[in-house]
Structure formats: C-alpha cells, structure tokens
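What follows is a set of notes on a single structure, which appears directly below.
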Amino acid sequence: DPPEHLQVPDDDGDTYTMMNISTGHNKPIMIDIIIKKVNKHQATDPILRLEVDTGAARSVIPQFTWQRLTAATSSKTTYNPTTAKLKTFSGEIIPMQGEGTLTLQYNNKEYADMPILFGPDHTPALLG
C-alpha cells in the first residue's frame, strides 16, 4: 500500500488518487521501463511506456497491457482481485480489476516485486 499521506481517505480505504491532467500546453513525461523475468526464448525484454504522474498514489496499467506483459514472463505471474479504485483529478472513480507485482528495470537498476494495479482497458498507463 502507498504511504498513508498519499492515500485518499474514504469509507473503504481502497481509493487512491491519480492526477493525470492534460493541459495541452505541456507534453506528458513518458519513461520506458524494462519488464524483467521474461521468457528465456524471447530475444529482448518487453518495454512498458508509462506516463510519470507525481500525483498518482499507485502505478496503474490497462488490463490488456498486464495480460500482454505477464504472458511474456518466464515465471507464473499471479495477481489478486482488488477492491481498489482510482479517483481522477475530476473526481471520476475507476474500479480496478486486480493488482500484482512486476520486476522492473530503469536506468540499469532493477526493482523487484513492484506493486501495480490494472484496470479497464481505458485506464491510463501511469507511474505513480
């Protein structure tokens, strides 16, 4: 779970903020993250492009992206159903479909078991 100061208080304790705001004046900051533990028969590790959202309490991707990434992993990547929801800057609530972990690499540093939520296919890919 994110630190307490990043959580949005609510009745069930499972709603997290995300501040994906597009003003049209600034380009979003995008980063490419390498997904590790990939199938040894694959020539390269898959790359996930995420928008940096410093206001997001959790990292999130669409479900189809989760399925594509986990299909490429050499170990069985599991996920858990979740009651978590994301609350956008405009107040929209987006229920998440599951949560899991991925091992990521960024700037030649590996991060094991990073938590990530996944939601409906219209969910933005955000690094929170």
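The values are calculated or read from the model by the stated rules, or taken from the named source; none is laboratory data. Note that the structure is predicted; figures quoted are calculated from it, not measured. Reconstructed Cβ throughout: ideal geometry from the backbone, glycine too, with neighbour counts over all protein chains shown. Ligands, DNA and RNA are excluded from the accessible area calculation, which covers all protein heavy atoms including side chains. Shrake-Rupley method; radii C 1.70, N 1.55, O 1.52, S 1.80 Å.
Residues in segment 56-65 that are open to solvent by 20 Å² or more (accessible area, probe 1.4 Å) and more than 18 Å from residue 14 (Cβ to Cβ): 64 only. For segment 94-108, taking the residues that are hydroxyl-bearing (Ser, Thr, Tyr) and out of contact with any Lys or Arg (no Cβ under 9 Å at 6 or more places or on another chain), the one that is farthest from residue 123 (Cα to Cα) is identified as 106.
Please enumerate the residues belonging to segment 68-88 that are exposed (fewer than 14 other Cβ atoms within 10 Å of the Cβ) and modelled with pLDDT of 85 or more.
Scanning segment 68-88 gives 80, 81, 83.
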